[in-house]
Amino acid sequence: AGVTYSWNFGDASTSTLPNPSHTYASPGSYIVTQTVTNGPCSKTYSLTVVVYPVPSAVITGTNILCAGQCNGIANLTVNGGNAPFTFLWSNNATTEDISALCTAGLYSVTVTSGNGCTAMGNVTITAPALLTTTVSGVNALCNLSCNGSATAFPSGGTGLYTYSWNDLSFQTTATAGSLCAGTYNVTV
């Protein structure tokens, strides 16, 4: 009886309860003081409370360049929090960044800071459709004339196509013209 308490939490918040709880609104270092008074006697105690920022996970992705390749990358940057950090990706990887990704899709990560705070992030890695090509040809009218042609019709991949025909002129367009009778290949 007769004991009073005075708390100052270092962020302009106070309390007169014997055992208050307090939540800090922002990260920082706070000096908490408690003064206990019993009649004419009083004693003041203080300690420093450090509130670490909650980590955040920012991921940049590098998409798979060609279907069937394993060159996708998820590059994680952790902001805030306190080290050391642990990482758990949706593909069970435990490294900060993941690479050699073969499969397109959503990759998510849970980052846990040294004091147990967590952050989550995700990134979508894409892959182009498999590059395929069909070729249609027009035969030369006569065996000795070179008036045939062949046209490549690519699909999949990522847009702008380049062509390389194995004819004598090494043509580089979708349609190779002035072809003599024979077999021709195109690389798209």
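The values are calculated or read from the model by the stated rules, or taken from the named source; none is laboratory data. All values reported here derive from a predicted model rather than from experimental measurement. Here the Cβ positions follow ideal geometry from the backbone for every residue, glycine too, while neighbour counts run over all protein chains shown. The accessibility values were calculated without ligands, DNA or RNA, using every heavy atom of the protein model including side chains. Shrake-Rupley method; radii C 1.70, N 1.55, O 1.52, S 1.80 Å.
Computed quantities for the displayed model
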| item | result |
| --- | --- |
| Ranked by how many other beta carbons lie within 10 Å on average, peptides 170-177, 39-46, 156-163 from highest | 170-177, 156-163, 39-46 |
| Cα-based convex hull volume of the chain per residue, rounded to whole Å³ | 138 Å³ |
| Carbon and sulfur %, accessible surface of the chain computed with the full protein complex present, 1.4 Å | 56 percent |
| Built amide H within the under 5 Å cut-off of LEU131, gap 5+ | ALA67, GLY157 |
| Pair THR23, THR187: separation of 7 Å Cα→Cβ label points (nm) | 6.3 nm |
| Cysteines in the chain that, by Cβ-Cβ distance, have no pairing candidate under 4.7 Å | CYS41, CYS66, CYS117, CYS142 |
| Gained length - THR158 relative to THR172, 0.36 nm times residue gap less alpha-carbon distance | 3.2 nm |
| Amide H contacts of ASN166 (H built 1.01 Å from N, under 5 Å, at least 5 apart or other chain) | ASN185 |
| Backbone HN-Hα couplings from phi across the stretch 87-100 [Karplus 6.51/-1.76/1.60, Hz, Gly and Pro as x] | 10, 9, 8, 5, 9, 6, 5, 10, 9, 4, 10, 10, 9, 6 |
| Mean Cβ count within 10 Å, highest first, over the residues of peptides 107-115, 14-22, 129-137 | 107-115, 129-137, 14-22 |
| Calculated FRET value between ASN139 and ASN71, using beta carbons and R₀ = 35 Å, to 0.05 | 0.30 |
| Volume per residue that the Cα convex hull of the stretch 101-188 spans, once the total is divided by residue count, Å³ | 104 Å³ |
| Surface per residue (accessible, 1.4 Å probe) for the chain, Å² | 62 Å² |
| ASN92 versus ALA12: modelled label distance in nm, points set 7 Å from Cα along the beta carbon direction | 5.2 nm |
| Within the stretch 79-123, backbone nitrogen closer than 13 Å to the virtual label 7 Å beyond the Cα of ALA129 toward Cβ | none |
| FRET efficiency, 1/(1 + (r/R0)^6) with R0 35 Å, evaluated for LEU47 and ALA1 via beta carbons | 0.85 |
